[in-house]
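Undergrad: One structure coming up, written as structure tokens, with questions to follow.
The values are calculated or read from the model by the stated rules, or taken from the named source; none is laboratory data. Note that the coordinates shown come from a computational prediction; the quantities given were computed from them, not determined experimentally. Positions of Cβ are backbone-derived with ideal geometry, glycine not excepted, and every protein chain shown enters the neighbour counts.
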Amino acid sequence: MQNYKSLSLIKATRRANSFVFGVALVAATFSSSAIAGCGSYDPGTKSFYSQNSPSAGAQETLSDDRHPSGSQSIVGMWKVTFTATDGSGYSDFGYSQWHVDGTEFLNSGSRAPSTQNFCLGVWEQTGKSNYKLNHFALSYDAVSGTLNGKVRIMEKVSLGASGDAYSGTFLIQVFDPTGTTEVAHFEGKVSATRVTVDTSTP
């Protein structure tokens, strides 16, 4: 009887250890995938954007419970598209979140995580429906992991009457790894549609 109890205890301990290991493995996987950044520039390629068309979606009227201020706001999550107008042909797409504390981050759809595809910015409201964004990004070589560029992205956008779309202009300055020498310069248009709990297409 004692041996049977000991065997049962060993089996139970092994099952518990397997569960803990599984949870730790999942946590480690999500932690490693979260360590990313953007920096929409890759010196080793012709362009650092990928062509993509903005998605069209129905415009909805904002409700007071969407934004604490009870007014239309750029705060929220957006499907965003960048299209250069300087003849370079550059474009990008992704998801952007504008936070109530004046910070913002972008997940660049044209960037591989190994080169950084998340980047950060700060914004402020400049008028009733107007906003400006100052956004910085880092770019890394996918093979060596070496920093190969720093990027500044500036946006001036206006929120649409419905509150569920914005559009405006962007200016990109690409610098060398020291951040002191500008090596490229791009301009274009940016547009976005709001992502809500009812948005069904990515």
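Undergrad: Could you check region 104-153 and list, in sequence order, the residues that are within 17 Å of Phe82 (Cα to Cα), of a type in the set (S, T, N, Q) and not in a loop (DSSP other than H, G, I, E, B)?
TA: Asn107, Ser108, Asn134
Undergrad: Does region 181-190 contain any residue that is without any contact (Cβ under 8 Å) to a residue 40 or more places away in the chain and either buried (at least 17 other Cβ atoms within 10 Å of the Cβ) or on the phi > 0 side of the Ramachandran plot (or both)?
TA: Looking for residues that are without any contact (Cβ under 8 Å) to a residue 40 or more places away in the chain and either buried (at least 17 other Cβ atoms within 10 Å of the Cβ) or on the phi > 0 side of the Ramachandran plot (or both), one finds none in region 181-190, hence no.
Undergrad: Identify, by number, the condition in (1) closer than 21 Å to Tyr90 by Cα; (2) of a type in the set (Ser, Thr, Tyr); (3) part of a strand (DSSP E or B) that Ser158 doesn't meet.
TA: (1)
Undergrad: Determine, yes or no, whether Gln72 is assigned to a strand (DSSP E or B) and either at pLDDT below 95 or closer than 19 Å to Thr126 by Cα (or both).
TA: no
Undergrad: What residue, of Thr199, Thr193, Thr180, Thr169, is part of a loop (DSSP other than H, G, I, E, B) and within 20 Å of the chain's Cα centre (by Cα)? Before the answer, list the steps.
TA: On the way: Thr193 fails: part of a loop (DSSP other than H, G, I, E, B); Thr180 fails: within 20 Å of the chain's Cα centre (by Cα); Thr169 fails: part of a loop (DSSP other than H, G, I, E, B).
Step by step, each of Thr199, Thr193, Thr180, Thr169 is checked, and only Thr199 is part of a loop (DSSP other than H, G, I, E, B) and within 20 Å of the chain's Cα centre (by Cα).
Undergrad: Any residue at all in region 90-99 that is buried (at least 16 other Cβ atoms within 10 Å of the Cβ), aromatic (Phe, Trp, Tyr), modelled with pLDDT under 95 and assigned by TED's automatic domain parsing to the domain that holds Lys189?
TA: yes
Undergrad: Here is a further query. Residues that are under 13 Å from Phe170 (Cβ atoms), in the same structural domain as Ala161 (by TED's automatic domain parsing) and of a type in the set (S, T, N, Q): does region 105-127 have at least one?
TA: Yes, because at least one residue in region 105-127 is under 13 Å from Phe170 (Cβ atoms), in the same structural domain as Ala161 (by TED's automatic domain parsing) and of a type in the set (S, T, N, Q).
Undergrad: Applying the selection to region 127-167, what residues are closer than 23 Å to Val195 by Cα, of a type in the set (Val, Ile, Thr) and free of Cβ contacts under 8 Å to residues at least 40 places away in the same chain?
TA: none
Undergrad: Of all residues in region 107-131 being loosely packed, with under 15 Cβ neighbours inside 10 Å and among the hydroxyl-bearing types (Ser, Thr, Tyr), which is nearest to Glu155 (Cα to Cα)?
TA: Step by step, filter region 107-131, then rank; the result is Thr126.
Undergrad: In region 132-175, what residues are surrounded by fewer than 22 Cβ atoms within 10 Å (Cβ to Cβ) and either outside the structural domain of Cys119 (by TED's automatic domain parsing) or of a type in the set (Ser, Thr, Tyr) (or both)?
TA: Tyr140, Ser144, Thr146, Ser158, Ser162, Ser167, Thr169
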